[in-house]
Amino acid sequence: MEKIYTVEIPENNRILFYKSFLIVISPLGFVATNISKFTSKKNYFFTLDKSSFNIFNQTISTSLTKKDEFPMHIQYLRHFKKLLFGLNNFYTNKLVLKGTGFRLFTKYVEYNSATNKVLVIKVGYGDDLCLDIPRNILVNCLNQTVVEIVGLEKDHVNEYCKLIKNCRKPDPYKGKGIGLITDVVIYKQGKKS
């Protein structure tokens, strides 16, 4: 039996196993992730101490020739580390709208006897674009042209940012559109006269 990897658990976090789910609880919230895909491989198993989470391999040596086995535990551990980081520090992305008359704000909309929070984006189309805000994501409008997306899981935050960016991608000539604050837009040269 060979120990493959150990992840240290911060003091204020708790980890529980329930059926095929791994539940991570922290002061900021909790996340449940399905580990059945990983535990279906009979040669891997998990142990949990008070301060660490361990993965063991029951076979004597790890074979790198098989495609499924070795990368899977590395991939799962990366996912698990992201969960721990997100539960102790929020993942944030800031988006900025560049262009005349481009605005965004949040409001509550009632439909199907439920009240949902919606992000309203005005980016030069005839109608306003309304995007539902998922429950696991927090949207803060810092001003009329800058929005901050906050969440526990990096994948969900990045997906929602892509959804917003796809409403109006930055124009390569003038730079008008929606993009991350850290994005660098390479401008094309206009017509020469």
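The number of residues in the stretch 118-154 that are within 20 Å of N166 (Cβ to Cβ), among the charged types (D, E, K, R) and free of Cβ contacts under 8 Å to residues at least 60 places away in the same chain comes to 5. Taking the stretch 142-169 as the range and being more than 20 Å from K82 (Cα to Cα) and open to solvent by 50 Å² or more (accessible area, probe 1.4 Å) as the test, the residues that pass are L142, N143, Q144, L163, K165, N166, R168, K169.
So for the stretch 158-167 (the condition being closer than 30 Å to Y5 by Cα and in a helix (DSSP H, G or I)), does at least one residue qualify?
Initial filter on the stretch 158-167 (closer than 30 Å to Y5 by Cα): 158-159.
Next cut, in a helix (DSSP H, G or I) only: 158-159.
Scanning the stretch 158-167 turns up at least one residue that is closer than 30 Å to Y5 by Cα and in a helix (DSSP H, G or I).
Out of L87, L97, one residue alone is over 30 Å from N13 (Cβ atoms), in contact (Cβ under 8 Å) with a residue 60 or more places away in the chain and open to solvent by less than 80 Å² (accessible area, probe 1.4 Å). It is L97.
For the stretch 86-95, the criterion of being farther than 13 Å from I178 by Cα, part of a loop (DSSP other than H, G, I, E, B) and touching a strand residue (DSSP E or B) at 6+ places or on another chain (Cβ under 9 Å) is met by at least one residue.
Determine whether V109 is modelled with pLDDT of 90 or more, in contact with an Asp or Glu (Cβ under 9 Å, 6 or more places away or on another chain) and among the hydrophobic types (A, V, I, L, M, F, W, C). Steps first, answer last, please.
Values: modelled with pLDDT of 90 or more: no; in contact with an Asp or Glu (Cβ under 9 Å, 6 or more places away or on another chain): yes; among the hydrophobic types (A, V, I, L, M, F, W, C): yes.
When the stated conditions are applied, V109 does not pass them.
Just give me the residues in the stretch 174-193 being in contact with a Gly (Cβ under 6 Å, 6 or more places away or on another chain) and open to solvent by 70 Å² or more (accessible area, probe 1.4 Å), in sequence order.
Answer for the stretch 174-193, where residues must be in contact with a Gly (Cβ under 6 Å, 6 or more places away or on another chain) and open to solvent by 70 Å² or more (accessible area, probe 1.4 Å): just K176.
Any chance you could count how many residues in the stretch 120-136 are over 30 Å from V24 (Cβ atoms), open to solvent by 30 Å² or more (accessible area, probe 1.4 Å) and outside any loop (DSSP other than H, G, I, E, B)? I'd like the intermediate steps shown before the answer.
So in the stretch 120-136, the residues over 30 Å from V24 (Cβ atoms) come out as 120-130.
This time we only want the ones that are open to solvent by 30 Å² or more (accessible area, probe 1.4 Å), so: 122, 124-130.
Checking which are outside any loop (DSSP other than H, G, I, E, B) leaves us with 122, 129-130.
Going through the stretch 120-136 one residue at a time, the tally reaches 3.
Only a single criterion out of (1) surrounded by 12 or more Cβ atoms within 10 Å (Cβ to Cβ); (2) on the phi > 0 side of the Ramachandran plot is not satisfied by K117, namely (2).
The values are calculated or read from the model by the stated rules, or taken from the named source; none is laboratory data. This structure is a prediction, so every number in the text was calculated from the model and none was measured. Quick reminder, even Gly has a Cβ in these numbers, built from the backbone with ideal geometry, and neighbours come from all protein chains shown. Ligands, DNA and RNA are stripped out before the accessible areas are found, and what is left, the full protein with its side chains, is counted by its heavy atoms. Shrake-Rupley method; radii C 1.70, N 1.55, O 1.52, S 1.80 Å.
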